[in-house]
Structure formats: structure tokens, C-alpha cells
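See below for the structure under consideration.
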Amino acid sequence: MDTISRAYQYTECGLDYVYLVGGVEIRHTSEGEFVQINNPEGLHRAIGKFLVGRKKALSGREVRFLRHEMDMSQPTLAYLLGVTEQTLQKWEAGRTAQVPAPAEALIRLLYSEYIGERSGIRKRLKRIADLEDEIDDLVTFTPNQVTQAWREDRSAKAA
């Protein structure tokens, strides 16, 4: 086992700009060499905290990293963000210019909740999403002012 003395570019996390100084060893086995990261869970948590704590906009790769760290599927995160799965796929693949600020803020909050730094946010957001689905399932009918014939009114929502 050899300790790497130079900075190690940790591309395995999906982010090209992460370098590790220390905590990395090369293991020699009968199957060849492989890199061992000491405490990878702690490292990923530190990367996640860095991402949600900085002011710079999240890239698609960073969104993917945080989603993976939360052990969340694309359909689930898309649902919580109120976007389609295809939209989230485009963000993560970098096929759109930027993740919208409200979605980005929500991703940051969800990750903070996931690591235990916020209380109850994820549960509340899920409840809000469920309530919106219930509201979308309501149908309102109103009579026409002139003919008094009933019609579906999509502009009115039941209170």
C-alpha cells in the first residue's frame, strides 16, 4: 500500500474540480492497483456541504452528485421540484443553461435536511406536493351567466 503524496483528482465523484490532498492510498492486489479513499462517506458529505453552502449556482453535475448522495431517483427529485423527469435529466446532463434558482434552492434545502442540518423540510415539501396533487384532482363547475348551463371551470379552485 502506497500513500499518494501529490493531489489526487477525484473524478470518481462526478466532479472534475475535486482534488484530495491526503487520505488517498494505492492498494496493490493480485488483480492490479486500485485507489482507496479513506472515509469516502465523510468525504462525500464534505463535498455536499461545500456545494450547498456556497453562493455559486449549482451545475447539472453538482445536482446529480447531491441527488445521488441523497439516494434519490430522478423521478422522485423531479416530483419534489415540480418538474418533469426529462427536465431534471437535461439539467444533470448540462443540456440547459442553468438550473432555475427556486429548484436549486430546494435541492440545497433537501440535501441539508438529508444530512440532518434542517428539521422537517423534506417531510413538509412532500406534504405540499401531495396537497397540490389533491388540488389538481378537484374539478369545479360553474353556471354560464347567460344560459345557466353548467361547465367545467379550470380557473376556479375549490377552497
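Since every read-out is calculated from the coordinates, none of them should be taken as a lab result. All figures in this text were calculated on a predicted structure; none of them were measured in a lab. Every residue, glycine as well, gets a Cβ built from its backbone with ideal geometry; the counts of neighbours run over all protein chains shown.
Summary of values
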quantity	calculated
Relative contact order (%) - criterion: Cα under 8 Å, at least six apart; region: the chain	14
Low-density loop positions, trypsin sites (Lys or Arg not before Pro), segment 1-76 - DSSP coil, at most 15 other Cβ in 10 Å	Arg6, Arg54, Lys55, Lys56
Residue with peak Gaussian network fluctuation, the chain [Cα springs, cutoff 10 Å], from Leu131, Leu77, Leu43	Leu131
Cβ-based exposure ranking for Tyr79, Tyr111, in which fewest neighbours within 10 Å come first	Tyr79, Tyr111
Calculated Cα extents along the principal axes in Å (choose from [x] 39, 36, 26; [y] 85, 34, 33; [z] 52, 41, 23), label	[y]
Proximal aspartates and glutamates to Lys49, defined as alpha-carbon separation beneath 16 angstrom and excluding residues fewer than eight positions away on the same chain	Glu41, Glu62, Glu69, Asp71, Glu104, Glu113, Glu117
